[in-house]
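Worksheet: the structure to be examined is printed underneath.
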Amino acid sequence: MRVIGDNGEQLGVMPTAKALELARSKDLDLVEVSPTTQPPVTKLLDYGKFKYEQTRKEREQRKNARPTLLKEMRLGSIKIDDHDLDTKTRIITKFLRAGDKVRVSVRFRGREMTHPDLGRVLFEKLAESLAGEAQVERGAALDGRQMSVILAPLSESARAKVAKAEAEAEAVEIQNGEA
């Protein structure tokens with residue numbers, strides 16, 4: 001097995017018995033770091049101290065982690081006006097930029113239930129307007145008289161890619177318009 005010293009230096013490849021003897025002589029533990037490699041990699045360290053530091057790191061990560069909330073936005077009807085939809089879209093964008101997921105729902109009233117396709121069209125229009133901010137985590141699903149979709153925020157790198165693609169598309173349109 002390949003042995004790494006307590007200071008991170010390579011001690012070389014040696015038999016298990018010799019590695020254990022070396023660990024005992026330094027009053028340290030022999031911990032297998034990577035069992036799948038050939039030869040397996042082990043490290044000389046104080047296991048109690050290692051576990052303590054690992055739990056401290058995990059606790060610190062949990063403390064700094066912000067829980068993602070699921071916000072909800074209800075659209076009045078499938079016959080929502082464009083301006084009202086734009087207003088709702090701006091609010092949804094604020095939620096997404098704060099790192100929250102958003103459930104967008106619309107209630108079907110009366111005979112609107114016979115046209116669930118209009119709800120899907122509405123959600124497609126909403127997803128298209130939020131293309132640079134969100135991705136559809138769960139598509140449009142009808143539950144009784146209510147249809148909903150769940151949107152998740154895009155990561156910063158994905159948001160940058162979308163912005164770059166939009167800028168390139170705009171440049172192509174300008175170039176084609178002038179030619």
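Sum up the charges of everything whose Cβ sits under 11 Å from the Cβ of R109, counting Lys and Arg as +1 and Asp and Glu as -1, but leave R109 out. Counting the neighbours of R109, the net charge comes to +3.
Roll a 1.4 angstrom probe over the protein heavy atoms and tell me the percent of accessible area of segment 64-162 that is carbon or sulfur. Show your work: numbers first, answer last.
Working: 3110 of 6080 Å².
Here carbon and sulfur together make up 51 percent of the probe-accessible area.
Which pairs break 21 Å Cα to Cα here: K94/K125; K57/K161; K18/K57; K26/K49; K79/K101? With Cα atoms farther than 21 Å apart: K57/K161; K18/K57; K79/K101.
Full extension of the chain between T89 and S34 yields a length gain of 14.9 nm, computed as 0.36 nm times the residue separation minus the alpha carbon distance. Placing unit charges on the Cβ atoms of the charged side chains and taking the dipole of segment 99-179 about its Cα centre, the candidate lying farthest along the positive direction among Q146, A163, A131 is Q146. A simple charge model with +1 on the Cβ of Lys and Arg, -1 on the Cβ of Asp and Glu and nothing else charged puts the dipole of segment 40-95 at about 440 debye relative to its Cα centre. Structural descriptor for the chain: relative contact order 14 percent, calculated from alpha carbon pairs under 8 angstrom and at least 6 residues apart.
Dipole magnitude for the chain: about 920 debye, using +1 per Lys or Arg Cβ and -1 per Asp or Glu Cβ, origin at the Cα centre.
Look at the dipole of the chain built from charges on Cβ: of T93, V104, V121, the Cα furthest out on the positive end belongs to V104.
Given the Cα atoms of the chain, and with Rh set as the inverse mean 1/r over their pairs in the Kirkwood sense, what is Rg to Rh to two decimals?
1.30
What does the accessible area of Y52 come to, in Å² to the nearest 10, when a probe of 1.4 Å is used? Accessible area of Y52: about 130 Å². Projecting the Cα positions of V41, L75, A65 onto the charge dipole of segment 1-138 (unit charges on Cβ atoms of Lys, Arg, Asp and Glu, taken about the Cα centre) puts L75 furthest along the positive direction. Between segment 98-118 and segment 1-67, what is the separation of their alpha carbon centroids in Å? Between the Cα centres of segment 98-118 and segment 1-67 lies a distance of 53 Å. Across segment 95-162, Cα pairs under 8 Å and at least six residues apart give a relative contact order of 41 percent.
The values are calculated or read from the model by the stated rules, or taken from the named source; none is laboratory data. Treat the numbers as computed from the prediction; the structure is a model and nothing was measured. Glycine gets a Cβ as well: all are built from the backbone with ideal geometry, and neighbour counts include every protein chain shown. SASA here: full protein model, heavy atoms, side chains in, ligands and nucleic acids out. Shrake-Rupley method; radii C 1.70, N 1.55, O 1.52, S 1.80 Å.
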